[in-house]
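Worksheet for the structure shown next.
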Amino acid sequence: MNATHELAILSQARPRCAQITVAGCTAHCFTDYAEFRGAGLKPQAFIIKSEDPAYVGQVLRRLRRDPDHATALAFVDGRYDEADRSVCDGPLPTSSGALLERIEQTRSRAQAMRARNDDRSADSLLLEYMWLRPDCVLEPLADWRHPRRYRYPMLEALDRSDSDPDAILQRLDKRGLIERVALRDRQRECDHCGSAQLNFIDVCPNCRSIEVDQHAALHCFNCGLIAPEERFVHGDQRQCPKCGNRLRHIGSDYDRPLETNVCHSCDHVFVEGEVEARCAVCRHTSATTRLRLRKIHSWRLSGLGCLAAQGVAAGPGPTLFEPRQFLPYPQFVGSLEWSLKLVNEGSFNFALVGLHLENLEQLRGALGAGRTADLLEACTERLRESLGEADLATHADQDTVFLLLPNADRKRLSALHHTVRDLARQAMQEEGGGPAWRLAEHGVSQRNARGESARSLLQQLRDGLGSAERAVA
């Protein structure tokens, strides 16, 4: 057990002492979050102790909206609401060993974020929160009281600006930093305010009145009048109210048409009314065909999102070309498309190379996330130094690198293979493990570039990395 770890316990009841030992860690006790902030501590984890869900929810939201501690571990020793299930890290582990394991895992992954900038926006905090928790999935919560019926409590808690959580998710999705896990629901929303609290009402297609009822109707063959049956009843006889014709025999004097809906405002008779959607929030009325379709997904970090959470290629690309720099992936794809245009004009050729790290998870298991990140950063730096000034490189995801080498011949590619072997050898650890790289390459010239696109070439390279016979280790 590690006595160097510090915990913060926030308890609704006044603690008997200000400092205790929990699982071998030094735990500081407070009654509310403001008191904790006044102490100036930076604990590795928080424990919220209370049987009052309202108190637990209040502390959790104060914590998640504090940019200094927003992504910290937070366990609950007590009761909490369903909405707070995704805002905390669950119940307090039942054993000191399990608690310390969670703390160590989070600390190890936090070490891999040393390259991050000081951006504490909701976008950045969400990436950091999910990176610190392996296999974290952002799930929507169904809440009938919410205008949009589905919400993401964790994202709401992290966002200090109270902006639209969907806008944040759309930004991250557009940048390729998060990816969909599963489609949870589909719903229609108001085209005016976005609310999903809608009332669907049958209206008269003639005058738009809502005073519509279903009635049996009769059709007079003599004059063609169609009207509710009660308008034809005169004593014990049926008589048309328009032409006065007595209706004795069904099929010869009258029949019962399909029209059974009657508008009490204009007496219009119709088979099916039109349906309007009325928003319970803004009272806006619209046709059902104008409603927005919203798909409700669960989300997780993408490969690029994991890199961005660690500060690797997280920002926009350079405005000017910088030799030997790793480009953001979209910029690399654009450069590859431009290179293909040059090839098709017959004045250019290049080699596209992919490097895939086969044993990322094994390295993390043996070395920890932080040490693995340092090792891979060192490998990337040495690889960057070996590139020519006209070469381009990018991180496609955590364990894949693409290189674009203009006018590369077999001698240049052989030198690259030699460089990667040296990198793998130099990165071997005392424990006997090290990175194992797969290489795949594709020479592009006017002879074989017809009909190719940047994405098709990259997919071919990915296929080659998956089918390569051996790794460079």
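No lab work stands behind these numbers, since they all come straight from the coordinates. Note that the structure is a prediction, hence the values are computed from the model and not measured. Positions of Cβ are backbone-derived with ideal geometry, glycine not excepted, and every protein chain shown enters the neighbour counts.
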Dividing the mean separation of Cα pairs under 8 Å (6+ apart) by the residue count of the chain yields a relative contact order in percent of 12
Bounding extents of the stretch 206-267 in its principal axis frame from Cα atoms, largest first in Å, are 34, 22, 17
Rounded to whole Å, sorted largest first: equivalent-ellipsoid semi-axes of the stretch 165-255, Cα gyration tensor:
57, 13, 10
Short version: what are the Cα gyration tensor semi-axes of the stretch 6-178, square root of 5 times each eigenvalue, largest first, in whole Å?
27, 20, 15
Ordered by packing density, taken as the mean number of other Cβ atoms within 10 Å over each peptide's residues, highest first, how do 56-67, 382-393 rank?
56-67, 382-393
222 nm [θ] for the chain, helices only, -39500 (n - 2.57) per DSSP H run of 4+, per residue, to 500?
-9000 deg cm²/dmol
What is the local net charge at SER163, summed over the other residues whose Cβ is closer than 12 Å to its Cβ (Lys, Arg +1; Asp, Glu -1)?
-4
What whole number of Å gives the distance from the Cα centroid of the stretch 164-226 to the Cα centroid of the stretch 399-426?
57
Taking only Cα atoms of the stretch 1-94, the Rg to Rh ratio with Kirkwood Rh works out at 0.93
Mean separation of Cα contacts under 8 Å (6+ apart) over length of the stretch 6-178, as relative contact order %
17
Once you have the alpha carbon radius of gyration of the stretch 316-467, what is it after dividing by 2.2 N^0.38 Å, with N set to its residue count?
1.07
In a shell of Cβ-Cβ distance under 15 Å around HIS234, excluding HIS234 itself, what net charge do Lys and Arg (+1) and Asp and Glu (-1) give?
+1
I'd like the chymotrypsin sites (Phe, Trp or Tyr not before Pro) in the stretch 75-165 restricted to DSSP loop residues with at most 14 other Cβ atoms within 10 Å, sorted by number.
TRP144
With both partners inside the chain, how many of the DSSP beta bridges are antiparallel, as a percent to the nearest 5?
75
Between the DSSP loop rule and a limit of at most 11 other Cβ atoms within 10 Å, which trypsin sites (Lys or Arg not before Pro) in the stretch 204-254 are left?
ARG248
Straight-line reach only, C-alpha to C-alpha below 20 angstrom: list the lysines that LYS295 could link to, leaving out same-chain residues fewer than 8 apart.
LYS174
